[in-house]
Structure formats: structure tokens, C-alpha cells
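What follows is a short report on a single structure.
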Amino acid sequence: MSRLIVRNAARIVTYPTEGPIRGPGFDDVTILENASIVCEDGIIVSIGGADEPDGTDDVIDATGCTVIPGFVDCHTHLPFFGWRAEEDAARLSGVRYQDIHGTQGGIFRSAALLAAATDEDVLRFSVELATSMLRKGTTTLELKSGYGLTIEAELRQLRLARRLALSIPQDVSVTCLVHAVPGGKTAGEWVAEVCDVLLPKAVEESLIDAVDIYVETIAFDLEHAARIAHAAEALGLRKRVHADQLADNQTGSFAARWGFTSADHLNHLSADGIADLCESDTAAVLLPGATFTLRQSKKPPARSLIDGGALVALGTDLNPGTSPIHSMPFVITLACRLYGLRPIEALVAATANASHVLGLTDRGRIAVGARADLVLLDVPVDHLAYRPDEDPVVGVVCGLEAARR
Ligand code: NIG
Ligand code: FE
């Protein structure tokens with residue numbers, strides 16, 4: 001048996017309730033002072049008293065540190081290959097994301113880069129990013145397809161996601177994303193192929209846990225999303241949707257009514273959408289990295305969602321187009337500064353609530369029986385929002401792996 005003691009932390013942030021936290025649940029967040037955490041075989045077995053190490057234990061001295069749950073990044077577009085900085089430069093000169101997409105740039109450009117790269121190239125590129133994410137405290141992450149755009153290329157990206165998972169210490173959850181209409185096909189034809197061929201094959205190979213569809217004027221509409229939802233239900237997959245990012249397509253409301261696990265982005269969410277999400281169990285996944293990168297003046301109604309009791313989660317949306325951002329501490333900064341979340345709300349959204357979005361109940365909180373996924377900060381939680389250019393992560397425990405700076 002391996003035992004690890006994280007000793008004498010100045011502060012340990014705990015959430016007494018199990019599962020996601022919303023509405024009055026935020027008042028239950030508790031900060032324990034001068035306490036320790038004991039882990040056995042990658043699981044937390046006690047919190048509080050400072051057990052004396054017996055000489056064979058691994059010990060991390062957390063004196064002066066704040067210990068928080070490992071971050072769960074519930075929305076990334078890994079694995080991919082290559083960046084698209086020239087598109088960003090064009091956007092900084094005034095070109096719109098939608099217009100770059102329309103000229104076979106954007107998602108189509110990443111599909112071409114992925115197709116031209118070897119499997120080893122893609123894995124090397126993606127492992128490097130995931131490793132850096134671990135150093136910044138991400139102990140679980142979502143991976144997606146969506147840069148394949150043919151059945152074979154989507155399956156290749158999903159298989160690469162599973163290979164990536166075997167090469168990193170973090171746990172993953174994998175999503176099949178219906179992302180862009182492939183050249184020479186109608187949106188309806190591609191959705192039919194996805195439902196009839198891609199999803200059943202991906203399930204047969206145990207490649208995916210969820211499906212996602214990009215509802216936008218440049219991609220798919222709600223009728224396509226409904227067809228994907230039926231296919232996902234038949235296969236027992238969680239349903240997610242890229243919703244109301246560039247315009248109000250009534251997708252937030254749709255997701256709530258159809259029992260989706262999450263509606264992600266939500267910059268243009270309508271008043272009806274706010275009400276529908278607040279009343280539902282559909283998570284509002286906020287991705288401020290994309291808002292920051294695209295310099296969108298229209299922000300999601302984050303305060304109305306939180307104050308109305310919605311289940312709010314955060315992710316990086318790491319992708320080479322709209323969010324070349326892989327740090328959850330930076331996403332927390334953006335969520336507080338751009339969207340008006342309070343630091344504790346952002347922390348909960350990046351841990352307990354993000355883990356709920358991935359259907360994982362054994363992490364996202366520091367509790368007996370939970371996975372030993374811990375992040376040590378050398379500052380109190382408020383500093384995550386207050387000092388954005390200071391790297392506060394001084395140690396990470398990810399199950400059986402521990403790393404200190
Ligand atoms: O979540 N908007 C759709 N999908 C991604 C961007 C993908 C890309 O530009 O490569 C997003 O923002
Ligand atoms: Fe995305």
C-alpha cells in the first residue's frame with residue numbers, strides 16, 4: 001500500500017455536499033485551517049488531524065499552502081495538431097471568426113493539419129499540452145473529436161484520444177463532436193452518417209462517453225441537434241452542445257428541455273434560456289478563454305445564471321482557433337474578471353461542477369473516499385483572480401502521482 005500525507009496546510013477547501021454545487025450550496029464551502037490530508041493508494045482516507053508519518057510514508061509539506069481539489073477541465077478539443085496564429089492575427093486586424101471559417105480556414109484548417117500529421121506527431125503535441133496542464137493543476141480532462149470530418153478521420157481522432165489517455169497521468173472523458181459540415185455534403189447528410197455509422201462504431205470500440213454538436217449558423221441547427229440527441233439516448237451517451245456562442249439560436253433552452261448534460265459557451269443566451277437553464281439540471285459550461293481570445297463584447301449572463309441557481313461549470317475550451325488556452329487558473333481569473341464570478345464560485349465551477357459534467361462522482365472535491373486529486377497553491381483562493389500573471393500552483397497530486405515545484 002502507498003501512503004501519502006499532505007501535512008499542515010494553512011487552508012483546505014472542502015465542499016460538504018456531494019455532487020454539483022448551486023444556489024445556496026455555495027454557502028456550505030468550508031475552509032479548514034492548519035489541517036492535513038492522508039491518502040492511501042490514490043484515495044483520500046482522512047482529512048483534518050495531522051497523522052504522524054511512520055517513516056515509509058511519502059510526505060508533502062503544505063505549510064503556508066492552500067489545498068484545493070484538482071481542476072477538472074470539462075471542455076477541451078484535444079487531441080489536435082498545430083496552431084492557427086495567422087488566423088488570430090487576421091482577427092486582430094478585424095476579420096471575423098465566421099468569415100475565416102467560410103474560406104476553409106478555422107475548423108477545416110485544423111482538420112487538414114490533423115490529416116497531414118502522423119499519429120506520433122499528434123500524440124507528442126497533445127501529450128506536451130496535457131503535461132503542462134497537469135503542472136497547472138488539471139487532474140482530469142475532457143477530449144473531443146471534431147477535426148476529422150470523415151468517418152475514418154473522426155474514428156482516428158477518437159482512437160488517438162484513447163492513446164493520449166494512456167500516455168498521461170490524468171483521467172479523461174472522451175466526446176464525439178459533430179463540428180463542421182464536411183465539403184461536398186449537406187449538414188443533414190453528415191448528421192445521418194454520424195448517427196448511423198460513426199456513433200455506433202465509436203460505442204462498439206468503447207471510444208466515447210458523450211456526444212456534442214456545434215449549433216451555429218455556420219454549422220448545425222436545432223433539428224440536427226435533436227437527431228443527434230435521439231441517437232445519443234439510444235446508445236446511452238451523455239449529450240452536450242456548443243450553444244449560443246456567436247448568436248442567440250435558442251440552444252440553451254433547447255438543451256435544458258431535452259435533458260442535455262450541458263450547454264457550453266452561452267454568450268448570447270436569451271432571458272428564456274437563463275430561466276430554462278436555472279430550472280433544469282443542464283449545466284451551463286462557461287468558456288471565458290474563447291470570449292477573451294475572440295474579444296467578444298457579448299458575455300454570457302453568468303451572474304444571472306449563478307444567482308438563479310443554475311449549475312455552472314468552467315473549462316478551457318483548449319483549441320487552436322478560439323481558445324489557445326490550457327490553464328485552469330487563468331480560466332478562473334477570466335471567469336472572475338470578465339464574467340463576474342466570485343473566486344469561490346469559479347473554483348467550484350472548475351472542480352465539483354466540472355466533474356459532474358463529465359459524469360464523474362469520485363472527484364472534484366476533497367472528501368474521504370474521493371480520488372487523491374489535489375492542488376497546492378502558495379496563496380489563498382482569492383489570489384487566483386487577483387494576481388493573474390503569478391503562477392500559484394506549487395504542487396499537484398493526481399491519484400498516485402505527486403509533483404512538487
Ligand atoms: O468551442 N466553435 C466551435 N468549436 C470551437 C472552435 C474550434 C476551432 O475554431 O477550431 C469552440 O470555440
Ligand atoms: Fe469548444
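What ranking do 204-215, 306-317 get when scored by the average of other Cβ atoms within 10 Å per residue, highest first?
Listed from highest to lowest mean packing, they are 306-317, 204-215.
Arranged from highest to lowest average of other beta-carbon atoms within 10 Å per residue, in what order do the peptides 356-363, 326-333 appear?
326-333, 356-363
Starting from the residue with the highest accessible area, list LEU32, LEU287, LEU92 in decreasing order, probe 1.4 Å.
LEU92, LEU32, LEU287
Given 20 °C and 1.002 mPa s, compute D for the stretch 1-48 with the Stokes-Einstein relation, Rh being the Kirkwood radius over Cα pairs; round to the nearest whole µm²/s.
179 µm²/s
Once the Cα atoms of the stretch 283-337 are picked out, what are the Rg and Dmax in Å?
Rg, Dmax (Cα atoms, Å): 11.0, 33.
Give me the one-decimal nm value for the distance between modelled label points at GLU128 and THR63, 7 Å along each residue's Cα-to-Cβ direction.
So the label points at GLU128 and THR63 sit 3.9 nm apart.
Leaving out ligands, DNA and RNA, and with a 1.4 Å probe, what % of the accessible surface on the stretch 1-69 is carbon or sulfur?
47 percent
Give the angle, between 0 and 90 degrees and rounded to the nearest 10, that separates the Cα long axis of helix 119-135 from the longest principal axis of the Cα atoms of the chain.
It is inclined by approximately 40 degrees.
How big, in percent, is the set of alpha carbon pairs in the stretch 184-244 lying more than 17 Å apart?
Pairs farther apart than 17 Å: 35 percent.
Leaving out ligands, DNA and RNA, and with a 1.4 Å probe, what % of the accessible surface on the stretch 212-296 is carbon or sulfur?
50 percent
With n ≥ 4 as the cut-off for DSSP H runs, can you work out [θ] at 222 nm for the chain, using -39500 (n - 2.57) per run divided by the number of residues, rounded to the nearest 500?
-9500 deg cm²/dmol
Give me the tail of P(r) for the stretch 182-316 as a percent: Cα-Cα pairs with distance above 17 Å.
For the stretch 182-316, the fraction of Cα-Cα distances above 17 Å is 58 percent.
Under a 1.4 Å probe, what is the accessible area of the chain per residue, stated in Å²?
Averaged over the residues of the chain, the accessible area is 37 Å².
Which loop-located GluC sites (Glu not before Pro) does the stretch 5-74 contain, where loop means any DSSP state but H, G, I, E or B and the Cβ has at most 16 other Cβ atoms within 10 Å?
Those that pass, being in a loop and sparsely packed, are GLU18.
Over the chain, what per residue volume does the convex hull of the Cα atoms give, in whole Å³?
Per residue, the Cα convex hull of the chain comes to 128 Å³.
Got the relative contact order for the chain handy, in percent, Cα pairs under 8 Å and 6 or more residues apart?
The value is 20 percent.
Given the peptides 319-325, 184-190, arrange them by the average over their residues of other C-beta atoms within 10 Å, most packed first.
Result, highest mean Cβ count within 10 Å first: 319-325, 184-190.
Once the other residues with Cβ under 11 Å from the Cβ of VAL285 are scored (Lys, Arg +1; Asp, Glu -1), what is the net sum?
Result for the local shell: -4.
How big is Rg to Rh over the stretch 235-393, alpha-carbon atoms, Rh as the Kirkwood inverse-mean-distance radius?
My calculation of the ratio gives 0.96.
Taking the 0 to 90 degree range and rounding to the nearest ten, how far is the long axis of helix 222-235 tilted relative to the main principal axis of the chain, both from C-alpha atoms?
Tilt of helix 222-235: around 60 degrees.
Compute the angle between helix 107-116 and the longest alpha-carbon principal axis of the chain, please, reported from 0 to 90 degrees and rounded to the nearest 10.
80 degrees
The values are calculated or read from the model by the stated rules, or taken from the named source; none is laboratory data. No experiment lies behind these values; they were computed from the predicted model shown. Glycine gets a Cβ as well: all are built from the backbone with ideal geometry, and neighbour counts include every protein chain shown. Protein only, heavy atoms only, side chains kept; ligands, DNA and RNA dropped before computing areas. Shrake-Rupley method; radii C 1.70, N 1.55, O 1.52, S 1.80 Å.
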